[in-house]
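Derivation of every value follows stated rules applied to the coordinates shown; laboratory data play no part. A quick note: this is a predicted structure, and the numbers were derived from the prediction, not measured. Cβ sites come from the backbone with ideal geometry, for glycine too, and all protein chains shown count toward neighbours.
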Amino acid sequence: MITFLIKQKRIEKKLSITELARLSGVSKSFISRIESKERIPGVEVLCYLALALECQVSDLYEFNL
């Protein structure tokens, strides 16, 4: 699930929600809502988060083939 992987990557990078918000330009409240599964980010937000987390957008998806 996207929301879990975003939180997992943030924790791996030892970033707080505030730090991720600053690096990505996405508001703290929106990141919090993503991580609590209240919101699903769109492609643009995923791109900003991936840049801030120094990963590929595809890293934020879990594929079950």
>> Filter the stretch 29-43 down to the residues that are free of Cβ contacts under 8 Å to residues at least 12 places away in the same chain and among the basic types (Lys, Arg) and list them by number.
In response: Arg33, Arg39
> For the stretch 39-52, how many residues meet the condition of being more than 11 Å from the chain's Cα centre (by Cα) and more than 12 Å from Ile2 (Cα to Cα)?
Replying inline: 1
> What is the one condition in (1) more than 10 Å from the chain's Cα centre (by Cα); (2) at negative phi that Leu60 does not satisfy?
Replying inline: (1)
